[in-house]
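The next block holds one structure in the form of structure tokens; read it before the comments.
The values are calculated or read from the model by the stated rules, or taken from the named source; none is laboratory data. Since the model is a prediction, treat every value here as computed from it, not as a measurement. Using ideal geometry, Cβ is built from the backbone for each residue, glycine included, and neighbour counts are taken over all protein chains shown. Ligands, DNA and RNA are stripped out before the accessible areas are found, and what is left, the full protein with its side chains, is counted by its heavy atoms. Shrake-Rupley method; radii C 1.70, N 1.55, O 1.52, S 1.80 Å.
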Amino acid sequence: MIAGLACAFVIGKTLPIMMDTLSMVLAPLCAVGAPSGSMPDAIEPISSHALPNVPGKRVTIVRVFYGPGGFTPAHRHAGSVTAYITKGEIRSQLAGGPVETFKVGQSFFEPPGATHLVSANASATETAELIAVFVADEGAQLTTFVE
């Protein structure tokens, strides 16, 4: 978490994103009070912007790094999420669907409120990364963990 905050500070100094916006983006991703389990090695904010043509909505882009065997506990997102795999392979399962494995260059979509049961690095020896693009209401908590 300290590394994440340090990263946020550096990014806040280098990107033209207001610090309150950056804090709003990071807070829901920091997993405070998350169920026990492995968390991604790091979540790097890339950008966050209000959508001028869609009042009340914001697009937020983050990079998620998973170490070998890393995973995120079951969770939901406030808005729509599209994930694009940039390194390794990611296993993913939404409630009611099969477990799928996505490779570099592939993507998957999570509709608002869907329960993401499996979000994990498919490898126990290699790292994996994805870019997640959130479209959600201004001020929404982007990630909520499921107990």
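In this structure, is SER80 in contact with a strand residue (DSSP E or B) (Cβ under 8 Å, 6 or more places away or on another chain), open to solvent by less than 30 Å² (accessible area, probe 1.4 Å) and among the hydroxyl-bearing types (Ser, Thr, Tyr)? Reasoning before the result, please.
Details: in contact with a strand residue (DSSP E or B) (Cβ under 8 Å, 6 or more places away or on another chain): yes; open to solvent by less than 30 Å² (accessible area, probe 1.4 Å): no; among the hydroxyl-bearing types (Ser, Thr, Tyr): yes.
In short, no.
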Are any residues in region 114-147 open to solvent by 30 Å² or more (accessible area, probe 1.4 Å) and more than 23 Å from GLY67 (Cβ to Cβ), and if so, which ones?
-> VAL135, ASP137, GLU138, GLY139, GLN141, THR144, GLU147
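Just to check your reading of the model, which residue among ARG63, ARG76 is closer than 19 Å to PRO45 by Cβ and assigned to a strand (DSSP E or B)?
Working: ARG76 fails: closer than 19 Å to PRO45 by Cβ.
After applying the criteria, what remains is ARG63.
Given THR143, THR125, which one is more than 14 Å from the chain's Cα centre (by Cα) and among the hydroxyl-bearing types (Ser, Thr, Tyr)? Don't jump to the end; show me each part of the working.
Values: THR143 fails: more than 14 Å from the chain's Cα centre (by Cα).
Of THR143, THR125, the one residue that is more than 14 Å from the chain's Cα centre (by Cα) and among the hydroxyl-bearing types (Ser, Thr, Tyr) is THR125.
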So which residues in region 121-145 are modelled with pLDDT of 95 or more and in contact with a Ser or Thr (Cβ under 9 Å, 6 or more places away or on another chain), if there are any at all?
-> ASN121, ALA122, ALA128, GLU129, LEU130, ILE131, ALA132, VAL133, PHE134, VAL135, ALA136
Residues of region 98-113 that turn out to be open to solvent by less than 50 Å² (accessible area, probe 1.4 Å), part of a loop (DSSP other than H, G, I, E, B) and either in contact with a Phe, Trp or Tyr (Cβ under 7 Å, 6 or more places away or on another chain) or at pLDDT 95 or above (or both), as a count | 1
